[in-house]
Structures are given as C-alpha cells and as structure tokens.
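Here's the structure we're looking at; comments come further down.
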Amino acid sequence: MSADRLVKRFGELTAVDDVSFAIRPGETYGLLGPNGAGKTTIINMVAGLIPADSGSVDVAGIRMDPAGIAVKRHLGLVPQELAIYPDLTARENLNFFGRLQGLGRKELSSRVNAVLELLGLAERAGEQTKKYSGGMKRRLNIGIGLLHRPGLLILDEPTVGVDPQSRNSILEAVGDLSAGGTAVLYTTHYMEEAERLCDRIAILDQGQIQAEGTRDELITLTGGVDRISLVGAGRSAAAAEALRSLDGVHRVTDSGGTELILTVTDGAALLAGIVSTAVRSGMTLASVSVTRPDLESVFLHLTGKALRD
Amino acid sequence: MRALWTMVGNDFRQRLRDKSVLIFSLIVPLALMGVLSLAFGRLGTGSVDLQPATVVASVEDSGPLGAALLDSLGSIEAMKVTVREVPADAVSSETRTTGAALGIVIPAGFSSALATGQPSTLQLIEGSGSVLETSVLISIVTGIVDQFTAASVTEAAAKLGGVPPDAAAGIGRIAVVGEPILHITEGTVPAGQLSLRAGLVAGQTGLFLLFTVGFGVLGLLAEKEQGTLGRIRSTAVPQWTIVAAKAAVGFSLGVAASAVLLASGTLLFGVNFGSPSVVGLLVLGAAAAATSLTFIVAKVVRTAEQANVAQSIVAMVLGIAGGAFFPIQASGFMAVLMDLNPVGAFIRGLGISAGGGGIAEIAMPLITMWGFAVVCVLVSRFLPDRGARS
Ligand SMILES: Nc1ncnc2c1ncn2[C@@H]1O[C@H](COP(=O)(O)OP(=O)(O)O)[C@@H](O)[C@H]1O
Ligand SMILES: [Mg+2]
C-alpha cells in the first residue's frame, strides 16, 4: 500500500500535514509518535473512514475511497478504541464481521476457530464479551481485524492498557500474519513495541513525519549519542545552564524541574564530569542513568521532546 | 444483500438478547393499556353510567340566568347533580377539597351581559374526583351557555322584528327553558370512531410504535459509540446497506410489536378492529411513517442518549396530539396539522376498519402515513449530520 501526501485539517489545526509512506507485502511499518501526533487520523484516512483533504491512498493498486468496496476487501482494521458488541459472544462477533468481510460459511468457521485459538479465547468463545477482562476484549478486537487474512492489516495502538500476557499474544499474532505476507501498519507510542515489531518506522510529531527508516537507520540520525538522565532536587535550571557549556553535551532538556535529560557523545566517558558539574551547580542528585541510543532518544533528538508525557 | 441480512440478523439477535424491545415495545404498552382501561373502564362497555356528582357554585349574578344555569344542572336526568352554593372566593378550594366534580363562579352581570351580547367570563374549576363526570358537566355547562346566548340572540332578533320588549324576553326564555337542555343518551359508537377501550389499544399501539422503531436507525448512534460502526464502515460493505439494515430493523420491530399489541388488545380487552388485512396495511403505513421519523432524529442528535430523549419527546407529542390517550379536538390550522399526524391517521384508520371499512375507505389515513414517511426521508436527506464528527 502507499499513502501519498496526505493532509487532514480540523478547523485551524492541521492534524496530518503532508504525510507519505509505502508498505510492501510482508513488511511491518510503524508510526511512532506521542498522543495527538496524528496517528489515528492517518489510519482513518488509510482505512477510508474519513476523506483526506488532499492526497491519496492506494491499497493493492486500488485507490482508497470512503465508498470503495473493492479496495476495502484487502483491509483489516483494528481501531484504537474497542469495537466489539458487548451483548454478543466472541464467536458471534467474529462470525458477524467475518461475514461482512465476505468469508464463506466453511472458511468462516475454520478461520473463527483458528483466530480464537491463536488469541487464547477458544475456551470462553461462547461467553458474552461484556463479561471479558480488558485484555480479552483487546485480543478479540484484534482477532476481528485479522480474521479474513487481509492484505493490509492496520492496528491503531492495539496494546494500550493490556496485560503483558495479552500483549505478547497480540504481538505474536501480528508477527504470524506478517510472516504470511500481510503488510502491517502499526501505530504506537511505545518505543519498545515499534523496535520489536516493525521493519521500518516513521517518527511522527505534530502531523508530520520527522524521520523514517529501520531502527538502526534512525539511531544513526542521532549521531550515535547517548542519553543521560539526572534526577534530583534543587537548582536544576542552573545545572542545565552549566551542563550545556560542557564539551560533548549536545542538548539538555529540563522536563519540569526534577529531571534533566542530556544527549551526549560517549556518555560513559563524560559521566563523571557531568555529575560533578550538576552537583556544583546546586543540584542534589537522586539518580543518574545512561542509556544507549534507542528510538526514544531519536525522538528526543528530532523534536526536543520526550515521547511519553 | 448478504451484508444487509447479516446486519439485520445481528441487530435482531442483540435486541432479543438484551430484552429491551420486549420490555419497552410489548410489556410496558400492554401494562399501560391495562391500567388506562381500568381507569376508564366504566366507559369501555359502551354504555354510560354516570355517578352522582356535586357542583360547588357561587352566583354573583343578580339576573335570572345564573340561577337558571344552576337549576338546569340540578335537573339533568342522566346524572344526579347536587349544587352547593358557597362564597365566590371559596369555590376553588371547596371544589378541590370536597371531591366535587366541578366548581362554577358566575360573575356579577352575567345575565345582562348575555342579554346584551357583551362578553362575560364564567369560571369553571375542575374537581379532583372522577374525570368522566367532570368532563360531562363541563360540556353540559358549555351547552347551556350556548343556549342562553342563542336565546339572547333570539330576543334581540325579536326586538328588531318589532315584538314588544316584554314579549321578546318571553320568547327568549322559552328558548331557554322550553327546550330540554341536553340529552344524555346511552351512546352507540358512531361508525368511523373507536370505542374508548379500542381507542386506548389503538392509541397505545401507535404511541409505542414510535418508541419501538427507535431501536432501528437510532441504533446507529449506539454503534458509533461502541466503535462498531467504524469497523463496519471499514469492511467491504456498501455504505447504504448500513442505514438500510437499521431502517429494516426498526420497521420490522415496529410492525411485529404493533401486530402483537393489536392482537393482544383484541384478546385481552375484547375489542375488534375489523379485517386483519386492512389492519395490516395500516400497521405497515404507521411503521413506515414512524421509521422515517427516526432518520430525522438520527441527523439532529449527537449521542445515543440524546437520541432516546428526542425520540421519547417526539413519540409523546405525536402520540398525545394523535389521540393516544384521549381524543383531541382542534380547529383551523391546528386541525390540519393534526390531520397530518401519523398516529392520528393510524387511529382514524383503525376506527374506519373497526366500523367495517375496507381498503378503499382507509385510503386517506394510508396516504397520510406514507406521505409523512416520504416527507421525513426527504427532509432528513437535506439536514446536515450533527453526529457525523466522532
Ligand atoms: N474529529 C476531530 N475533530 C477535531 N480535531 C480532531 C479530530 N480528530 C483528531 N483531532 C485532533 O487531531 C490531532 C491528532 O489526533 P489523532 O490522530 O487522534 O492523534 P493520535 O492518534 O496520534 O493520538 C489531535 O490534536 C486531535 O485533537
Ligand atoms: Mg490515536
């Protein structure tokens, strides 16, 4: 699938600002960005739920259109909010959406069983979903999206508020499908998920793609800098000021007074100097940590903000 | 087509499972029919059996007509009326506290005002007792005053015609007293009108039809809130089938519930609405009108909760105006409006059908209901969708 120069405005706000990307079959593509970055809005345009103000989406060579039926056959959507019927059982939910997706009777029943098995819901498939735990509902929410083995599976933050066990079975299910040739569009604000699951990642902030590439490609963008976090009390502003003038320190982010985040070249070598500078500036340190570069530091590097608020 | 049936089936499954349809579309209206028919029960048999009643009155009028009015009330044959005179400022409280059927304050100058054709206000206070006796008394008083007015017109006319004033007054008085004021007879229901009990069954059926169809199109708002609407819209299903499925659900639930209610009414309350096929046509028309109205409601509200409130208001307004609880009379523009009310048309149609009318005779109610349906659907197409942003 490919998205070409997508734009969406809500009044004054440009929620999605000239976004383009392409996903090959079997590839998992991550949109990583904080809340409000525009992930859901992009997905809604890709899935044909809302029209784009400009730009276009093609899936399997067909132009996406909110009224398009042929193109939607290739689509499996897992919305951010739960989208299941509470009064129906898991099996009934799957049967309903499977039929809407055009699965025939035989295929439907074998796929429903397979998905229930895959997501560990088989034993309680006959229970109304309103009696399910949050994690079980989430798993079913995902199962519905991959029931008909779509060519493009779209998942919008599927693991938010999910227990670790459910989270693993969700990530595994997505991995399985991807191995079978499905293109996956995956949004998240969890860096670890993007790192674990995605072949390529786009870093999204304020409706714009800031950078795109494999995990390693993105990390080289930071210039291989490390991240040092200083947590403590007192005079952090003065400390930040003093730290900025040190050699090898690229950036100091003062996030609200108790934590200073530094991006530095070779953190291990600079650590001693940094700590003593901070202490001399009047900061009482409670903890110090050095992190090798990861997507979190890429995001920080690109936007000057932490990924999570 | 398959998608349409899948969606319809899915909705039926849920509505039957959560029992809401069963409760709101069948049990509540049947219970209401039962309660109301007990309340109005004495009328249900077709013969009027009025209970003795008290009228609390004050006569400030020094002329003859005030006293004549009270005398007339005391001499109604079909109903034993006791008139108790109290001071004017006590009428209201006495009426309320003593269980009197009606309070009357006849103002000073009532006679002379009537005699000269001047306006004069007769104050009537409804009692807290039986609604039936009160309304009969009110209509009698109104009838008498009409006759007084007629009499004074006669008198005036006689004067103009050159009859000496004394004699003219005489003619007038004859016009008042000489004629029996009102005949209350045991009424047989005229053709085209339902007995009270049948009217109750028909009216409640029409009223609750408006609630029942709400389970259709308005369910779209619930699906939007559940997120399932977005999911359906992301599947390979033509957009129009989504609304069509909901409309089909509302319509069929409406038809089924109305059929059950009318049938239960026939069995439980012993009323008869005539030919089942004629009744069937009326039910289809009413369900179409009611369903189409939900298209408009769905456009103007934002949430499922608002939808329920709006639909209830619409149902009560149309239901009451259409005569679901008691027949309502209006004239002029209001009467035209009321003629267009699908609930009213439904009840009128059932009246015609109960009186033996066939398909040709119910053409007007049918046209009214289908016309209403078409207009609603057209209107809804042009309304902006307030709930569209999610
Ligand atoms: N229907 C809408 N109307 C107005 N603003 C919206 C609407 N949907 C999203 N937004 C705004 O667009 C921005 C992006 O939202 P969204 O795509 O939901 O972000 P994300 O999914 O990355 O958290 C936010 O600022 C949000 O408030
Ligand atoms: Mg989102």
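Screening the candidates A:L49, A:L75 for the property of being away from ligand 2 (no atom under 16 Å from the Cβ), within 13 Å of another protein chain (Cβ to nearest Cβ) and under 23 Å from A:V160 (Cα atoms) yields one hit, A:L75. When the test is whether a residue is more than 18 Å from the chain's Cα centre (by Cα), more than 14 Å from chain B (Cβ to nearest Cβ), more than 16 Å from ligand 2 (Cβ to nearest atom) and on the phi > 0 side of the Ramachandran plot, A:D18 passes it. Pairing each residue of the range B:1-29 that is assigned by TED's automatic domain parsing to the domain that holds B:F211 with any residue that is open to solvent by less than 80 Å² (accessible area, probe 1.4 Å) and acidic (D, E), provided the two are 6+ apart or on different chains, yields C-beta distances under 6 Å for B:Q14/A:D87; B:R17/A:D87; B:D18/A:D87. The set of residues in the range A:185-208 being within 14 Å of ligand 2 (Cβ to nearest atom), of a type outside the set (V, I, T) and in contact with a strand residue (DSSP E or B) (Cβ under 6 Å, 6 or more places away or on another chain) consists of A:L185, A:Y186, A:L204, A:G207. Among residues of the range A:1-18 that are farther than 10 Å from A:D53 by Cβ, those with a beta-carbon under 8 Å from a residue that is surrounded by fewer than 17 Cβ atoms within 10 Å (Cβ to Cβ) and of a type in the set (A, V, I, L, M) at least six positions away or on a different chain give the pairs A:M1/A:A22; A:M1/A:A60; A:S2/A:A22; A:A3/A:A22; A:D17/A:V7; A:D18/A:V7. Which ones in the range A:18-59 are open to solvent by 50 Å² or more (accessible area, probe 1.4 Å) and within 24 Å of A:S297 (Cβ to Cβ)? Across the range A:18-59, the qualifying residues are A:N35, A:G36.
Which one of A:G145, A:G135, A:G126 is touching a Gly at 6+ places or on another chain (Cβ under 7 Å) and away from ligand 1 (no atom under 16 Å from the Cβ)?
Exactly one of A:G145, A:G135, A:G126 is touching a Gly at 6+ places or on another chain (Cβ under 7 Å) and away from ligand 1 (no atom under 16 Å from the Cβ), namely A:G145.
With respect to A:L103, determine if the residue is within 12 Å of chain B (Cβ to nearest Cβ), within 16 Å of ligand 2 (Cβ to nearest atom) and in contact with a Lys or Arg (Cβ under 8 Å, 6 or more places away or on another chain). Considered against the rule, which asks whether it is within 12 Å of chain B (Cβ to nearest Cβ), within 16 Å of ligand 2 (Cβ to nearest atom) and in contact with a Lys or Arg (Cβ under 8 Å, 6 or more places away or on another chain), A:L103 comes out as no. Could you list, in sequence order, the residues of the range A:87-100 that are of a type in the set (A, V, I, L, M) and within 7 Å of another protein chain (Cβ to nearest Cβ)? Residues satisfying the conditions are A:L88, A:L100. Remark: A:I84 falls outside the filter, which requires a residue to be under 26 Å from the mean Cα position of the chain (by Cα), within 19 Å of A:L171 (Cα to Cα), within 12 Å of chain B (Cβ to nearest Cβ) and at pLDDT 90 or above. Among the residues of the range B:246-303 satisfying the criterion of being of a type in the set (S, T, N, Q), under 17 Å from B:R197 (Cα atoms) and assigned to a helix (DSSP H, G or I), which is modelled with the lowest pLDDT? Ranking the qualifying residues of the range B:246-303, first place goes to B:T266.
Considering the range A:25-58, the residues that are away from ligand 1 (no atom under 12 Å from the Cβ), in contact with a helix residue (DSSP H, G or I) (Cβ under 7 Å, 6 or more places away or on another chain) and not hydrophobic (A, V, I, L, M, F, W, C) include one that is nearest to A:G151 (Cα to Cα), namely A:G26. Of the residues examined, A:E241 is one that is part of a helix (DSSP H, G or I) and loosely packed, with under 15 Cβ neighbours inside 10 Å.
Kindly provide the set of residues from the range B:226-246 that are of a type in the set (K, R) and at the interface with chain A (Cβ under 10 Å from one of its Cβ atoms), ordered by number. Give the steps one after another, and end with the answer.
Kept after step one, since they are of a type in the set (K, R), are these residues of the range B:226-246: B:231, B:233, B:246.
The answer is B:R231, B:R233.
The requirement of being open to solvent by 20 Å² or more (accessible area, probe 1.4 Å) and more than 10 Å from every other protein chain (Cβ to nearest Cβ) is not satisfied by B:V249. Residue-level check: of (1) surrounded by fewer than 19 Cβ atoms within 10 Å (Cβ to Cβ); (2) away from ligand 2 (no atom under 16 Å from the Cβ), A:F96 misses just (1). Taking every residue in the range A:22-35 that is within 14 Å of ligand 2 (Cβ to nearest atom) and pairing it with any residue that is basic (K, R), at least 6 positions away or on another chain, the pairs with Cβ-Cβ distances below 6 Å are A:L31/A:K39; A:G33/A:K39.
Could we say that A:L108 is over 25 Å from the mean Cα position of the chain (by Cα), in a loop (DSSP other than H, G, I, E, B) and aliphatic (A, V, I, L, M) here? Judged against the criteria, A:L108 is not a match. Would you check if A:I274 is within 30 Å of A:G33 (Cβ to Cβ), assigned to a helix (DSSP H, G or I) and at pLDDT 85 or above? So A:I274 passes the test. Taking the range B:1-120 as the region of interest, the helices (runs of 4 or more DSSP H) fully inside it that hold 3 or more residues being within 14 Å of chain A (Cβ to nearest Cβ) are B:2-17.
Right, A:E117: of a type outside the set (A, V, I, L, M), more than 11 Å from chain B (Cβ to nearest Cβ) and touching a strand residue (DSSP E or B) at 6+ places or on another chain (Cβ under 8 Å) or not? Considered against the rule, which asks whether it is of a type outside the set (A, V, I, L, M), more than 11 Å from chain B (Cβ to nearest Cβ) and touching a strand residue (DSSP E or B) at 6+ places or on another chain (Cβ under 8 Å), A:E117 comes out as no.
All conditions but one from (1) closer than 30 Å to A:L13 by Cα; (2) open to solvent by 50 Å² or more (accessible area, probe 1.4 Å); (3) in contact with a Pro (Cβ under 8 Å, 6 or more places away or on another chain) apply to A:T222; the one that does not is (2).
Taking the criterion of being among the hydroxyl-bearing types (S, T, Y) and closer than 13 Å to A:N93 by Cβ, the residues of the range A:106-135 that qualify are A:T129, A:Y132.
Let's see how each residue does on (1) β-branched (V, I, T); (2) within 16 Å of ligand 2 (Cβ to nearest atom); (3) open to solvent by less than 60 Å² (accessible area, probe 1.4 Å); (4) touching a Cys at 6+ places or on another chain (Cβ under 6 Å):
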{"residue": "A:E157", "(1), (2), (3), (4)": "no, yes, yes, no"}
{"residue": "A:A183", "(1), (2), (3), (4)": "no, no, yes, no"}
{"residue": "A:A211", "(1), (2), (3), (4)": "no, no, yes, no"}
{"residue": "A:I228", "(1), (2), (3), (4)": "yes, no, yes, no"}
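So, in the range B:123-138, how many residues would count as being open to solvent by 10 Å² or more (accessible area, probe 1.4 Å), hydroxyl-bearing (S, T, Y) and at pLDDT 75 or above? So the answer is 1.
The values are calculated or read from the model by the stated rules, or taken from the named source; none is laboratory data. None of the values given here were measured: they were computed from a predicted structure. Heads up, the Cβs are rebuilt from the backbone with ideal geometry, glycines too, and the neighbour counts pull from every protein chain shown. In case anyone asks, the SASA skips ligands and DNA or RNA and just uses the protein heavy atoms, side chains included. Shrake-Rupley method; radii C 1.70, N 1.55, O 1.52, S 1.80 Å.
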